[in-house]
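Participant: Before anything else, here's the structure in question.
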Amino acid sequence: MNAAHPERPETPQTPENPEDAVHEELLELALEAARRAGELLRDGRPDDLVVAAVKTSPIDVVTEMDIAAEKLIGGFLAEHRPADGMLGEEGADTPGTSGVRWVVDPLDGTVNYLYGLPSWGVSIAAEYRGETVVGVVAAPMRGETYHAVRGGGAWLGGVRLSCRAPAPLDQALVATGFGYVQTRRDHQAEVARTIIPLVRDVRRGGSAAIDLCDVAAGRLDAYYERGLNPWDLAAGDLIAREAGALTGGRPGRPASGELTVAGTPAVFASLQPLLEAAGAWHD
C-alpha cells in the first residue's frame, strides 16, 4: 500500500442520499489533504529541524513543519469548501457558515517527528453540526492511511478494520500518553502504576491519533489518556468506533480532554471504572 496515494475500498457504495454524497466529498478532501500534508512532512523535513515555539511547557513543542502542514491543509480545504469552519492545533479557528467544521492536527506526535521517530501522523476530521462524520489519519512513515465515515466502517486502505477479539483485562495490551506539564505527568505516572499490574503490558507511542487507529486495527486492546484536545482525538475516535471499539471518557461521558478511553468492548468495560477509581480524569 502506498501512503502517498491511499487505497479506497474495492467496492465503494454509491451514495443513496444527498447527505451520503456530502460525506463522500468530505472524505475525498480529507484523504487528499492528509496525503499532501504527509508528503510535505515526510519529504520536506529539514536535517536541521528545530523547535519554532512551545505551548504548555518548554517540552511541549511546535516545529516549523507543524505550521507549514496546517497552512497547507487549511489552504487546500478553503479552496474547495470556503464556507466551512476549521479548528487547527496551530491556531486556525474559523466558524464557517456551512455547518461543517474541519478539526485538524497537522502533525500529531511532534516530539517523535522532532527526534526522527516514525510514529507521527496527520489527523483530519470533519464535523457536521457538531458531530464527527469523517475521520482520516495518515501515518506516512508506516505507509498507512486510516479512514472512516460515520456508519460506514473503518478502513486501512482497502481493508475493513475490526478491533481485537474479547480478552480479559489481564491479557490486554494498553497504550497511554502523558502530558507536558509536570504536575499532570506526576499524577499520570501514579495512574499508570495502578494499571500496569492489572494488564498484559503498557505502551507509550506518542501519537494519540495513531494509538486510536491501532485500537481500530486490533494492534492494541485499549488506549487511555487525559489532556487530549479535539484535534488529537476527533478522527481517531471515529475510526476506533467504526471498527467496533467503545470510546468514552468518565462513565457516561464522551471522550474529551478530561479523559479519553478507547478499547474493545470487554476491555473498555473493565478499564474505564479502574481509571475512574484511580482518578485518571484529574491532575
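The values are calculated or read from the model by the stated rules, or taken from the named source; none is laboratory data. Quantities reported herein were computed from a predicted structural model and do not represent experimental measurements. Here Cβ is always computed from backbone atoms with ideal geometry, including for glycine, and neighbour counts include all displayed protein chains. Each accessible area value is taken on the protein alone, full model and side chains, heavy atoms only, with ligands, DNA and RNA left out. Shrake-Rupley method; radii C 1.70, N 1.55, O 1.52, S 1.80 Å.
Participant: Could you work out, for the chain, what percent of all Cα-Cα pairs fall into each 5 Å distance bin, beginning at 0 Å and stopping at the bin that holds the largest distance?
Facilitator: 1, 6, 13, 18, 19, 17, 13, 8, 4, 1, 0
Participant: Whose amide H sits under 5 Å from the amide H of ALA245, counting only residues 5 or more places off or on another chain, with H placed in the peptide plane?
Facilitator: Residues meeting the criterion, in which the H sits 1.01 Å from N, are CYS163.
Participant: Okay, moving on. Working with all protein chains in place, sort CYS163, CYS213 by solvent-accessible area computed with a 1.4 Å probe, largest first.
Facilitator: Greatest to least solvent exposure: CYS163, CYS213.
Participant: Let me know the longest stretch in the chain that avoids all GluC sites (Glu not before Pro) found in a DSSP loop with at most 15 other C-beta atoms within 10 Å.
Facilitator: Looking at the chain, 17-257 is the longest stretch - no exposed GluC sites (Glu not before Pro) with at most 15 other Cβ atoms within 10 Å.
Participant: Work out the charge dipole of the chain with +1 on the Cβ of Lys and Arg and -1 on the Cβ of Asp and Glu about the Cα centre, then indicate which of ALA192, LEU107, LEU259 is farthest towards its positive end.
Facilitator: Ranked along the dipole, the leading option is ALA192.
Participant: Moving on. Quick one: dipole size for the chain, taken about the Cα centre, charges +1 on Lys/Arg Cβ and -1 on Asp/Glu Cβ, in debye to the nearest 20.
Facilitator: Result for the chain is approximately 720 debye, rounded to the nearest 20.
Participant: Tabulate in residue order the Karplus-calculated ³J(HN,Hα) for region 247-253, using 6.51 cos²θ - 1.76 cosθ + 1.60 with θ = phi - 60°, rounded to whole Hz; enter x for Gly and Pro.
Facilitator: 10, x, x, 5, x, x, 10
Participant: Next question. Mind ranking ILE196, ILE73 by accessible surface for me, highest first, 1.4 Å probe?
Facilitator: Accessible-area ranking of ILE196, ILE73, largest first: ILE196, ILE73.
Participant: Given Cβ point charges of +1 (Lys, Arg) and -1 (Asp, Glu) and nothing else, what value in debye, to the nearest 20, does the dipole of region 72-204 about its Cα centre take?
Facilitator: I would put it at about 440 debye.
Participant: Heavy atoms of the protein only, probe of 1.4 Å, neighbouring chains included. What is the accessible area of THR183 in Å², nearest 10?
Facilitator: 90
Participant: Now, a different point. For region 242-283, just say rounded, prolate or oblate: build the C-alpha gyration tensor, square-root its eigenvalues into a ≥ b ≥ c, call rounded for a/c under 1.5, and beyond that prolate if a/b exceeds b/c, oblate if not.
Facilitator: oblate
Participant: Let me ask you something else. Under 5 Å between amide H atoms, partner at least 5 residues away or on a different chain: which partners does GLY88 have, H built in plane at 1.01 Å?
Facilitator: ASP93, VAL104
Participant: Please label the shape of region 184-234 as rounded, prolate or oblate, based on the square roots a ≥ b ≥ c of the eigenvalues of the alpha-carbon gyration tensor (a/c under 1.5 means rounded; beyond that, a/b larger than b/c means prolate, else oblate).
Facilitator: oblate
Participant: For ASP43, what accessible surface area do you get with a 1.4 Å probe? Give it in Å², rounded to 10.
Facilitator: Using a 1.4 Å probe on the heavy atoms, I get roughly 100 Å².
Participant: Additional query: Can you give the helix-only mean residue ellipticity at 222 nm for the chain, where every DSSP H stretch with n ≥ 4 adds -39500 (n - 2.57) and the sum goes over all residues, rounded to the nearest 500 deg cm²/dmol?
Facilitator: Estimated from H runs of four or more residues: -11500 deg cm²/dmol.
Participant: Sort TRP155, TRP120 from largest to smallest accessible area, using a 1.4 Å probe on the heavy atoms of the protein chains.
Facilitator: Ranking TRP155, TRP120 by accessible area, largest first, yields TRP155, TRP120.
Participant: From the backbone phi of region 147-153, what are the Karplus-calculated ³J(HN,Hα) couplings (6.51 cos²θ - 1.76 cosθ + 1.60, θ = phi - 60°) in whole Hz, Gly and Pro given as x?
Facilitator: Here the 3J(HN,Hα) series is 8, 8, 10, 3, x, x, x Hz.
Participant: Let me ask another. What list of ³J(HN,Hα) couplings, whole Hz, do you get for region 21-35 from phi and the Karplus terms 6.51, -1.76, 1.60, once you set θ to phi - 60° and write x for glycine and proline?
Facilitator: With coefficients 6.51, -1.76 and 1.60, one gets 5, 5, 4, 5, 4, 4, 4, 4, 5, 5, 4, 5, 5, 5, 4 Hz.
Participant: How much accessible area does SER98 have with a 1.4 Å probe, in Å² rounded to the nearest 10?
Facilitator: About 40 Å², ignoring ligands and nucleic acids.
Participant: Can you work out the accessible area per residue across region 57-197, with the rest of the protein chains kept in place, probe 1.4 Å, in square angstrom?
Facilitator: 43
Participant: A further question follows. Suppose every K and R has +1 on its Cβ and every D and E has -1 on its Cβ; what is the size of the dipole of region 165-278 about the Cα centre, in Debye to the nearest 20?
Facilitator: Using Cβ point charges on Lys, Arg, Asp and Glu, region 165-278 gives about 120 debye.
Participant: Find how much the distance from ASN229 to ALA269 grows on full extension, using 0.36 nm per residue of separation minus their present alpha carbon separation; answer in nm with one decimal.
Facilitator: Computed gain between ASN229 and ALA269 is 12.0 nm.
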